[in-house]
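The block underneath contains the structure these notes are about, expressed in structure tokens.
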Amino acid sequence: MQKWRATRRLLLNSYSSKSRFDHPRSNPISDHSSTISRSSSGFESWTSRIHYRHFATAMIQRNPAFSSLNSDDINHFKGILGDKNVIEDEDTLLFANTDWMRKYKGSSKLLLQPRTTQEVSEVLKYCNSRRLAVVPQGGNTGLVGGSVPVFDEVIINVGSMKQVISFDKVSGVLVCEAGCILENLVSFLDNQGFIMPLDLGAKGSCQIGGNVSTNAGGLRLVRYGSLHGTVLGIEAVLANGDVLDMLGTLRKDNTGYDLKHLFIGSEGSLGIVTKISILTPPKLSSVNLAFLACKDYSSCQKLLFEAKRYLGEILSAFEFLDNESLNLALNHLEGVRNPLPPAMHNFYVLIETTGSDESYDKEKLEAFLLRSMEGGLISDGVIAQDINQASSFWHIREGVPEALMKAGAVYKYDLSLPVETMYNLVEEMRTKLGNSAKVIGYGHLGDGNLHLNISTPQYDDAILAQIEPFVYEWTSKQRGSISAEHGLGLMKANKIFYSKSHETVQLMASIKKLMDPHGILNPYKVLPHSIVSYS
């Protein structure tokens with residue numbers, strides 16, 4: 001009888017929109033970092049409610065080969081950019097020097113805001129000649145310390161480069177500057193009848209150049225793949241100021257090495273991305289979103305397998321969160337309600353479908369859910385009736401990072417692992433830490449991406465010693481990746497050997513040395529400090 005009632009609720013609440021909606025999802029980051037020029041008051045208001053600790057320079061020494069900024073340098077930059085785009089204001093610099101989690105904080109005295117590729121080129125050419133280290137910055141929404149200075153590096157923020165250059169409705173190719181905020185591109189494309197292949201909780205603040213430079217993943221990867229597949233071309237400026245024009249818009253181009261891939265995911269360590277061309281899918285008319293409960297992780301796995309088989313071409317997102325994640329969202333996020341009647345469920349899954357035939361998609365999803373419930377894979381569930389309910393479902397999943405920050409200190413790990421063993425890490429970590437911390441597991445089950453979070457009242461070296469290197473060693477034994485979509489930044493630069501061989505890392509260092517011989521681009525990030533040497 002209970003299964004029948006749950007199945008009836010699934011079918012009665014089914015919903016299919018007549019136009020593809022963009023979920024107005026939770027974005028705790030956008031309040032304080034939509035542009036670098038915003039007041040830091042919102043930032044201080046948000047971060048005053050959380051615990052923080054700076055890790056930036058604990059184990060690193062400033063490279064003595066780098067020069068220190070002087071008044072002549074500042075005057076030179078003013079000659080290139082104009083006075084108003086050379087920022088020395090302390091409040092603005094406080095914001096630009098500090099990452100979203102307040103875990104990393106640099107001491108840069110200068111923020112530059114170029115408006116064109118030529119200006120970026122002139123700035124880098126000068127910095128390279130003077131050996132002034134720089135850190136490229138976009139929306140500053142990163143989680144591994146990759147977008148803020150470690151010491152006194154000059155910050156180059158491309159947020160003023162925010163023009164849509166062209167859009168081809170026939171091919172669906174968008175060409176734009178690197179400083180375009182992701183949500184603005186989403187809105188632009190929505191008016192054109194298209195969507196971005198990338199969707200992130202931070203889309204109100206993050207910039208497309210940063211997305212490409214970190215190879216951001218997000219919710220739609222299970223449907224549209226990574227940026228290595230959707231980015232068709234880029235323009236980038238090298239450390240010496242040379243501009244690489246690889247801004248092609250062709251789906252096929254087999255002429256030599258495809259160098260754009262060096263810049264996708266290199267976190268600004270090889271060059272600063274200034275323009276992007278990206279393939280965007282058409283906006284489809286039918287969207288459905290289901291919020292489901294599962295009794296165990298095995299059921300989540302089997303549900304994913306069945307969804308790929310039976311939903312096939314309309315499956316657009318498959319997310320999961322455990323009971324601890326849901327409880328955090330319910331306890332720390334305003335206006336969040338459990339979509340399901342009170343009950344003890346261990347896991348929750350969000351399944352989104354996107355297609356072009358409303359009645360067919362609805363019927364296909366309902367048949368799949370009925371089949372899954374009868375097979376015992378789903379304990380309970382509901383399908384969104386309207387946009388507001390769909391938004392509330394997404395708010396639960398995407399609000400977990402904000403809830404974690406409000407709960408206290410948090411240790412965050414972004415891992416790629418085999419789906420069948422992924423949650424074992426969460427369970428082992430709970431056993432290891434006992435009652436000293438809450439261990440949370442959620443993420444993109446559709447592409448094997450676990451967001452492991454350890455929540456504690458405050459940062460504690462003893463707890464950190466139990467987490468690391470255990471997490472990295474465990475991941476390495478599974479032949480997983482210690483960074484699925486957040487990048488390596490400063491946090492994981494020295495941990496790269498858990499995922500890459502020494503030979504591979506040595507080749508990366510050789511490429512870095514070739515393209516940035518003085519090492520001025522985002523130093524101390526991505527590559528281990530022991531292997532990087534500069535002339």
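The values are calculated or read from the model by the stated rules, or taken from the named source; none is laboratory data. Remember, predicted model here, so these are calculated numbers, not experimental data. Note that each Cβ is placed from the backbone with ideal geometry, even for glycine, and that neighbours are counted across all protein chains shown. Please note that ligands, DNA and RNA were not included when accessible areas were found on the heavy atoms of the full protein model with its side chains. Shrake-Rupley method; radii C 1.70, N 1.55, O 1.52, S 1.80 Å.
Observations on the structure shown:
- Of all residues in region 421-442, those that are within 19 Å of residue 478 (Cβ to Cβ) have Cβ atoms under 8 Å from Cβ atoms of residues that are of a type in the set (Lys, Arg) and open to solvent by less than 80 Å² (accessible area, probe 1.4 Å), 6 or more apart or on another chain, in 439/430; 442/397.
- So residue 123, is it aliphatic (A, V, I, L, M) and assigned to a helix (DSSP H, G or I): yes
- Qualifying helices (runs of 4 or more DSSP H) (wholly inside region 289-387; at least 3 residues being open to solvent by 30 Å² or more (accessible area, probe 1.4 Å) and farther than 16 Å from residue 445 by Cβ): 323-332, 358-374
- Tally of residues being in a loop (DSSP other than H, G, I, E, B) and under 19 Å from residue 89 (Cβ atoms) across region 148-169: 7
- Residue pairs meeting the criteria (Cβ under 6 Å; at least 6 apart or on separate chains; first farther than 15 Å from residue 269 by Cα and open to solvent by 20 Å² or more (accessible area, probe 1.4 Å), in region 485-512; second at pLDDT 95 or above and of a type in the set (Gly, Ala, Ser)): 498/476; 499/481
- One residue stands out among those in region 429-459 that are more than 26 Å from the chain's Cα centre (by Cα) and not aliphatic (A, V, I, L, M): the one that is surrounded by the fewest Cβ atoms within 10 Å (Cβ to Cβ), which is 435.
- Scanning region 96-106 for residues that are crowded, with 22+ Cβ neighbours inside 10 Å and not in a loop (DSSP other than H, G, I, E, B) yields a count of 3.
- Positions within region 233-262 being of a type in the set (A, V, I, L, M), part of a loop (DSSP other than H, G, I, E, B) and open to solvent by less than 40 Å² (accessible area, probe 1.4 Å), in sequence order: 238, 239
- Residue 236 satisfies every condition listed in (1) touching a Gly at 6+ places or on another chain (Cβ under 7 Å); (2) in contact (Cβ under 8 Å) with a residue 40 or more places away in the chain; (3) under 24 Å from residue 270 (Cα atoms) except (2).
- Qualifying position, being touching a Pro at 6+ places or on another chain (Cβ under 9 Å), assigned to a helix (DSSP H, G or I) and under 19 Å from residue 446 (Cβ atoms), among 201, 229, 209: 229
- Residue match in region 501-516 (condition: closer than 30 Å to residue 120 by Cβ and either assigned to a loop (DSSP other than H, G, I, E, B) or touching a strand residue (DSSP E or B) at 6+ places or on another chain (Cβ under 6 Å) (or both)): yes
- Residue in region 254-304 that is farthest from residue 156 (Cα to Cα), counting only those that are within 23 Å of the chain's Cα centre (by Cα) and among the charged types (D, E, K, R): 283
- Some residue of region 263-274 being part of a helix (DSSP H, G or I) and crowded, with 18+ Cβ neighbours inside 10 Å: yes
- Subset of region 107-121 (residues that are open to solvent by 10 Å² or more (accessible area, probe 1.4 Å) and in contact with a Phe, Trp or Tyr (Cβ under 9 Å, 6 or more places away or on another chain)): 107
- Lone qualifier among 483, 476 - being part of a loop (DSSP other than H, G, I, E, B), touching a helix residue (DSSP H, G or I) at 6+ places or on another chain (Cβ under 9 Å) and closer than 30 Å to residue 299 by Cα: 483
Listed here are the residues, each with its yes/no results for (1) in contact with a Leu (Cβ under 6 Å, 6 or more places away or on another chain); (2) farther than 17 Å from residue 296 by Cβ.
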residue: 413; (1), (2): yes, yes
residue: 432; (1), (2): no, yes
residue: 439; (1), (2): no, no
residue: 442; (1), (2): yes, no
residue: 447; (1), (2): yes, yes
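- Among residues of region 161-203, those that are more than 21 Å from residue 286 (Cα to Cα), open to solvent by less than 10 Å² (accessible area, probe 1.4 Å) and at pLDDT below 95, counted: 0
- Across region 138-154, a minimum of one residue is classified as more than 29 Å from residue 411 (Cβ to Cβ), of a type outside the set (Phe, Trp, Tyr) and either open to solvent by 10 Å² or more (accessible area, probe 1.4 Å) or touching a residue at least 12 places away in the same chain (Cβ under 8 Å) (or both).
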